[in-house]
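Just below is one structure, and these are the notes that go with it.
The values are calculated or read from the model by the stated rules, or taken from the named source; none is laboratory data. In this text the structure is predicted, and so the values were computed from the model without any measurement. Positions of Cβ are backbone-derived with ideal geometry, glycine not excepted, and every protein chain shown enters the neighbour counts.
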Amino acid sequence: MSIETGAAATVPRPGAWRRFLRNPLGVGSALLLAGVVVMSVLAPWIAPHDPLMPALDQVNAAPNGEYLLGGDGAGRDVLSRLIWGGRDTLAGAAVVVAVAAVVGIGTGLLAAYVGRWTDALLTWVSEALLAIPSLIVLIALYAAIGPDVTLSMTVFGVLISPFLYRLVRAMAIEVKNEAYVEAAQVSGVSPLRIVFRHILVVIRGSIIVMLADITATAIGIQASLEFLGLGSADSVTWGSMVQEAFVAIFRTPLSVVWPGLLLTVTIGAFALLGNAVRDALVPDAPARSRLRGATAATAAGATAAAAASAAGTADDDAGEGDEAGTAPMLGVSGLTVAYPHGDGLRTVVDGVSFTVRRGEVLGLVGESGSGKSQCVYAVLGLLPAQAAVTAGRITLDGEEVTPATLPGLRGRRIAYVPQEPMSNLDPSCTVGHQLALPLRRLLGMDRARARARALELLGRVGIRDPERVLDLYPHQISGGMAQRVLIAGAISTDPDVIVADEPTTALDVTVQADILELLRDLQRERGMSVLLVTHDFGVVADLCDRVVVMRDGVVVERGDTAALFAAPRHEYTRTLLDASLEGAEPRTWTAPELRTEGAPR
Ligand SMILES: Nc1ncnc2c1ncn2[C@@H]1O[C@H](COP(=O)(O)OP(=O)(O)OP(=O)(O)O)[C@@H](O)[C@H]1O
């Protein structure tokens, strides 16, 4: 068995801090803002004069020994007022950001995750809020209740939150549809954890940029209101300083420049800092879309249990138990799946039945669109919300699988090896974290034992230098290696059944054979049952004991692989065989009766 070294994936991933520190604009902005914050906090101690105390001899005074930046129109120290001015300016902006973040991020995640009516209602409300002219509302508020900065900034936070809502909702919906999130769902991870750990973490970069923009906007809006004379006479802010200095702009133009400069620099610094933090946290954000369809899988074992059961119907596989008369490991009986179509439903899987016996590999084959994946998704509980299972029964080891029994089976007894390994691995977690999660959650291992077991599993699936790979992120490993990681995750809980959905389709041909060989070795070694979805009869020949052929949502033929290859009964099977094998003998296939343990098939 050849082993991928993953050499292409050894580019070190510097930490977020190091990436941030390499960005001079980010560092400069952070230092500047830190200076502004420190200055504001220490204002009572560092301001040379009382910012509200006038001195008649300093009215509109030029910079002098007493007032280093001169005096304003009322004879107050401009420098002291600048130092004090940052406090209320930043406090007002903080209120806006806090309110916008809570309302915008909270509702955005809720709408994306829950969807349907919640989404429709929240979207409608956010659009209604967007239609409200913020500045006019704030001016009216001032007229109604007077200069209450906290209240007006709270209102502004609500009014600006739809921007955050729209961003978060759109991004969260996209991430929610990623395979690794679906895998986490079927692995029994709680919705709250999925939202925070798998969705929010991924979209945090864009949220940070938006929050920085909102901060800058809030400072600008607050200053604008104060420039219009709508600030409180008791508080010192840069906006009110600009307004007061504007009256005497021809006599003391510098009085306008200082607060204007601080406002401009602070607003700019927030924008630059947001970009720098985003770049540091999500260094290869543009590359995220490449992950889709490239590789991977949620080590979490991306396992899932079957669901969907309704009234049983036709069962042409009934009684196909194990030789000892026991129930098959996995049974699917009369499964019917439909989707809304016009005024009715379009059936895409129609009364499909099959069983996977203990320790056997069953191949589910058929051309694209024949319904293979829908069967697998029904077994795994991964069907989309709009799908309706109108009939059918699914059993595991003789026990009917229901939504109530689902949580206990997920990740433990039915494991999943997906088609696209990379999109099933959470890009924000290391391989080690993703492998250890199911071990800790499902098997109750502590951190150290889970890590040791993860190392062992990586070694077993043929990954060289597992210590190093454990600390790599999905984008740092190859597709083949990602599939090995997923297989390691799938077997980590010693499942009874592995559902492998075209496990080699997304991989380079040179890696495909290795992955198939690994699956075959593990299946034999552990005596697992495997449901293998494929459209490739070559893969069937390599791996499967029996095969079920599907077309247009129904089973057209089934039987032992040897018999089916030797004498396909259905015309469709013959066509598929011809297309797949081009008339040649299966590559390594040997009749079951001739197989010996360890001999190639
Ligand atoms: N969300 C959906 N809404 C409506 N129809 C769907 C949906 N998902 C799948 N289908 C339909 O179900 C049928 C079976 O699709 P399925 O994905 O199971 O095929 P498949 O045999 O797995 O093909 P492939 O190998 O290309 O994945 C197809 O006709 C497809 O158009």
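Computed values, structure above
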{"quantity": "Restricting the stretch 441-452 to residues that are at pLDDT 85 or above and buried (at least 18 other Cβ atoms within 10 Å of the Cβ), the residue that is farthest from Arg468 (Cα to Cα)", "calculated": "Ala450"}
{"quantity": "So Val417, is it within 16 Å of the ligand (Cβ to nearest atom) and at pLDDT 80 or above", "calculated": "yes"}
{"quantity": "Output for the stretch 326-350, where each listed residue is surrounded by fewer than 20 Cβ atoms within 10 Å (Cβ to Cβ) and more than 14 Å from the ligand (Cβ to nearest atom)", "calculated": "Thr326, Ala327, Asp343"}
{"quantity": "Leading residue by the ranking (farthest from Ala248 (Cα to Cα)) among those in the stretch 38-64 that are of a type in the set (Gly, Ala, Ser) and modelled with pLDDT under 85", "calculated": "Ala55"}
{"quantity": "Scan of the stretch 529-548 for residues that are in contact with a Leu (Cβ under 9 Å, 6 or more places away or on another chain) and either within 13 Å of the ligand (Cβ to nearest atom) or in a strand (DSSP E or B) (or both), ordered by number", "calculated": "Ser529, Val530, Leu531, Leu532, Val533, Thr534, His535, Val539, Arg546, Val547, Val548"}
{"quantity": "Subset of the stretch 453-469 (residues that are among the hydrophobic types (A, V, I, L, M, F, W, C) and surrounded by fewer than 21 Cβ atoms within 10 Å (Cβ to Cβ))", "calculated": "Leu455"}
{"quantity": "Thr395 vs. criteria of a type in the set (Val, Ile, Thr), in a strand (DSSP E or B) and away from the ligand (no atom under 16 Å from the Cβ)", "calculated": "yes"}
{"quantity": "Elements of type helices (runs of 4 or more DSSP H) in the stretch 45-164, at least 3 residues being assigned by TED's automatic domain parsing to the domain that holds Ile249 and more than 27 Å from Ile214 (Cα to Cα)", "calculated": "78-100"}
{"quantity": "Residues of the stretch 410-440 satisfying the condition of being surrounded by 23 or more Cβ atoms within 10 Å (Cβ to Cβ) and part of a helix (DSSP H, G or I)", "calculated": "Val431, Gln434, Leu435, Ala436, Leu437, Pro438, Leu439"}
{"quantity": "Only listed residue being assigned to a loop (DSSP other than H, G, I, E, B), away from the ligand (no atom under 14 Å from the Cβ) and at pLDDT below 90, chosen from Gly359, Gly369", "calculated": "Gly359"}
{"quantity": "Close pairs from the stretch 530-557: first more than 20 Å from Val379 (Cα to Cα) and of a type in the set (D, E, K, R), partner within 13 Å of the ligand (Cβ to nearest atom) and part of a strand (DSSP E or B), Cβ under 7 Å, at least 6 apart", "calculated": "Glu557/Val549"}
{"quantity": "Test result for Val389, within 16 Å of the ligand (Cβ to nearest atom), in contact (Cβ under 8 Å) with a residue 60 or more places away in the chain and buried (at least 24 other Cβ atoms within 10 Å of the Cβ)", "calculated": "no"}
{"quantity": "The stretch 114-127 residues that are hydroxyl-bearing (Ser, Thr, Tyr), paired with ones that are surrounded by 12 or more Cβ atoms within 10 Å (Cβ to Cβ) and in a helix (DSSP H, G or I) (beta carbon under 7 Å, 6 or more apart)", "calculated": "Thr118/Leu110; Thr118/Ala111; Thr123/Ala111; Ser126/Pro162; Ser126/Tyr165; Ser126/Arg166"}
{"quantity": "Count of residues meeting criterion [farther than 14 Å from Ala47 by Cβ and at pLDDT 85 or above] in the stretch 68-89", "calculated": "1"}
{"quantity": "Set Val247, Val265, Val256: member being touching a helix residue (DSSP H, G or I) at 6+ places or on another chain (Cβ under 6 Å) and of a type in the set (Val, Ile, Thr)", "calculated": "Val256"}
